[in-house]
Structures are given as C-alpha cells and as structure tokens.
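Visitor: Got a structure for you, written out below as structure tokens; questions coming shortly.
The values are calculated or read from the model by the stated rules, or taken from the named source; none is laboratory data. Since the model is a prediction, treat every value here as computed from it, not as a measurement. Quick reminder, even Gly has a Cβ in these numbers, built from the backbone with ideal geometry, and neighbours come from all protein chains shown.
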Amino acid sequence: MPRVHRAAWLLPIAGPPIRHGWVAVERGRIVDVGADPGGAASVGDSLAILPGLINAHTHLELSWMAGRVPPSTSMGEWIRAMMAQRRGASPPADVQRQAAAAAIEDARARGTVAFGDIGNTLMAADILADAGVPAVLFHELIGFGPADVDGRATEAARSVIEKVRPPVLPGLAPHAPYSVSPDLFRAIARVASAQSLPASVHLGESQDEVEFLATGGGEIATTLKHLGAWNPEWLPPGVDPAAYLDSLGVLTPGLLVVHATQLGPSALARLAARGCVIVSCPRSNRWVGAGDPPIDDFYASGAAVVFGTDSLASAPDLDMFAELAAARRVSSVSAARLLESATLASARALGLDADFGSIAIGKRAELLAVRVPAEVDDVEEYLVSRIDSSTVQWLKTE
C-alpha cells in the first residue's frame, strides 16, 4: 500500500510548484503525484516537499582542511596556503577519512542527496559507497611537465574504475590549464572518450589563470616555480582558457567546467556550443579571491548550469542551500531556474537523473521536507534565499 505525503507546496522541479500537492511512495519509489483541490491535510500545511539537492563539485578528501586555509585576496596566495597545509600538515589517513565521512554526513543532514567529487587519492570512494551515497568520483590528474601521459591517463582510468563500487560511478578530471600539460590534457580526453567516462575540469577560475595563458607570467607562474612544478618548455597559448582547451580537444559534450568565473561571453558561448556544463561555486570563488561568478552570463550562454560547494578548504560547509543563497545574491536568474540547477540539471550532468533530480513516477523517493512560513507566497524564492538548512528534514518514506 503506497504511503501518501501531503504538503502545502510540492516542487516537482520539471514543472511549476503544486499548491496542496501530494506524493505517493511505495518501496522507496515514487508511484504517483497529484494535487488536492480541497487543501492539504493539517500535517502538511507548512511543508514544502522537493527533491534532494545535488552537489556537483566537491573535494571530500580535503575536508580535514576545514578552518585551516583562510580566505584570500588572490588565487595564487590561496593555492600556496592550501599546498603548505597539504604538504606539511596532512594528518594521518584515518583522520582524513573521518573528516570526509563527517563532511558527507553533515551535507546529507543539510539536504544533499548526491555528489560530484574530485579526488587525487580516491579516498572518498569507499566512504561514499559505505554510506550508500550516490556520486561520481572524478579521479584528478596533475602534471605540468613532460611525462608518460598515455600511461598516466590509462592508469588513472583503471584505478578509479576498479576502486569505485555502487552507488559510486567513475570519472576523470584533468585539474586545470596551469597544472596539466597540453599532452596530458589530450591523453585524458582520449581515454575518457574511449571508456565513456564523464570528465570535469577547473577552468577560468581566476584572472591569474587568464594572464598565465595569455603571457606565461603572473602570479600563477610564480606559484608553480615556488612549488617546484614549473615546466620551462611550456609556451603560453595566448588565448582565453576555453579556446585553449578547445584547441586540445578537451571541450566535449557533458564536460563539467568548474568555476568559469573569469570567462567572458564568447568563451561561455564556446562552452555552450560544445555541450559543456558550467559548475558554479559562488562562495568558494569569493573565498579564494577570484570574485563573484557572472551567473547571469552563465545562463544567458545557453549552457547547462549547476552548482557545487567546492571543498572545506575554500568554503565554510558543504551546504547547498547556502550555495543557492549565495547565487541568488549575485544573480537575477529566476528562483525556479536556480532550483532546477541544484536538482534536475545536476542529476543529468552526473548521469543520475533516472533516480534523482525531480519528483516523478519511478524515481527514488529521496525527498526533502522544509517548513515554510504561512505568509510565503513564492516558495521557490524562499527556498533559494532565506532557508536555514538546519530546519531541513528527509521525508520518511518507509
């Protein structure tokens, strides 16, 4: 017998909010959705029911850095501070695992149902799987100098495929234009295509990156030399970050392009034309000194737009409702589109939309119940701008 949950507002995401809506659940799946013209039952008078949110960009393995890397005025300064922690103050592996597990638990409590996670070590694979949390784990590669690029890319794909287990899926991630050589970029793109693996890349995150690709100089060059990672044979391409990766064959349909904060309209149009997905992390961008993302331009480009929190080295928490509120503060995009980005668009971007992202028959009933004041008449605007995630609860469907 299905269990019926009623609410003052039901947000299917694929359509407008349903006033006095209900959702029927059986064996963990949605079996029916509808509206009660007579009004919701008293138990649901102040509730809004919506799908769990999806965090499309995290670095769970960096969760132990919470509170250790202060906000910065420049990307180079933040990178040096972060790397100093990673190289000189990394705690034992079990402490790092505990921090990642705690971060996942906290994010889940705040309404996150699934993750797109980036990892150098793949430490999060077992933690996510043991917790039963759906995710795509992108194995990140860094290498700015000459190396066995084909071997590295092939081995990275093999490692992540062997390491992950359901409900975690494998992916690949060349880190960024200033940390990955042109040949390694090409090799990763070839392997990802050959093995049908999703891919993610940091791109256009700071003005320093734009300057680096244009001239080969600036703070990023200084930072690479400081870290002992400089390649004297590298030549600046003299183009914007999107054009550079396009010339290497990296911009392919479905590629998750993270940050894009310093990309102009023509670069964003290029991403859209190639079928890439833009992943915005507004709070992290401000933390690392990169500035606020041009979210209105992201949507205007025609590309799919989703959201992530980045890591606890550059954000106070992994709270997706807080990320939406940060996006709302710097954007005129409708609340409905912001919510879609954090649910259905993210599910599609990570290949999880058969089960998540909207309230629809056949999907998993991983649904949130949020208390909404009676005077609220625009529930979507309320959810993206004023919500305290500590009031969020998972709907009990069993």
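Visitor: For Ala103, are the conditions met, namely being assigned to a helix (DSSP H, G or I), within 16 Å of the chain's Cα centre (by Cα) and either acidic (Asp, Glu) or closer than 29 Å to Phe356 by Cα (or both)?
Guide: So Ala103 fits the description; yes.
Visitor: So, in segment 151-208, exactly how many residues are part of a loop (DSSP other than H, G, I, E, B) and closer than 23 Å to Asp353 by Cα?
Guide: 8
Visitor: Right, here's the next one. Pick from Leu137, Leu169: which is aliphatic (A, V, I, L, M), at pLDDT 95 or above and touching a helix residue (DSSP H, G or I) at 6+ places or on another chain (Cβ under 7 Å)? So that I can check it myself, show each step before the final result.
Guide: Numbers: Leu169 fails: touching a helix residue (DSSP H, G or I) at 6+ places or on another chain (Cβ under 7 Å).
When all the criteria are applied, what remains is Leu137.
Visitor: Then there is this: Which count do you get for residues in segment 224-261 that are assigned to a loop (DSSP other than H, G, I, E, B), within 26 Å of the chain's Cα centre (by Cα) and polar (S, T, N, Q)?
Guide: Total meeting the criteria: 2.
Visitor: Please tell me if Glu211 is over 18 Å from Gly143 (Cα atoms), surrounded by 17 or more Cβ atoms within 10 Å (Cβ to Cβ) and without any contact (Cβ under 8 Å) to a residue 40 or more places away in the chain.
Guide: When the stated conditions are applied, Glu211 passes them.
Visitor: Now for a different question. Would you check which residues across segment 1-37 are among the aliphatic types (A, V, I, L, M), loosely packed, with under 15 Cβ neighbours inside 10 Å and within 28 Å of the chain's Cα centre (by Cα) and list them?
Guide: Ala14
Visitor: Answer with yes or no whether Ser90 is within 29 Å of Asp117 (Cβ to Cβ) and among the hydroxyl-bearing types (Ser, Thr, Tyr).
Guide: Yes, satisfied.
Visitor: Looking at segment 132-151 only, could you name the residues that are surrounded by fewer than 17 Cβ atoms within 10 Å (Cβ to Cβ) and either under 15 Å from Ser63 (Cβ atoms) or more than 20 Å from the chain's Cα centre (by Cα) (or both)?
Guide: We begin by selecting, within segment 132-151, every residue surrounded by fewer than 17 Cβ atoms within 10 Å (Cβ to Cβ); these are 132, 142, 145-148, 150-151.
Scanning segment 132-151 gives Gly145, Pro146, Ala147, Asp148, Asp150, Gly151.
Visitor: In segment 375-393, is there at least one residue being in a loop (DSSP other than H, G, I, E, B), farther than 25 Å from Cys281 by Cα and aliphatic (A, V, I, L, M)? Before the answer, list the steps.
Guide: Of the residues in segment 375-393, the ones in a loop (DSSP other than H, G, I, E, B) are 375-378, 386-388, 392.
Right, trim to farther than 25 Å from Cys281 by Cα and you get 375-377.
Right, trim to aliphatic (A, V, I, L, M) and you get 376.
Checked against the condition, which is being in a loop (DSSP other than H, G, I, E, B), farther than 25 Å from Cys281 by Cα and aliphatic (A, V, I, L, M), segment 375-393 yields at least one hit.
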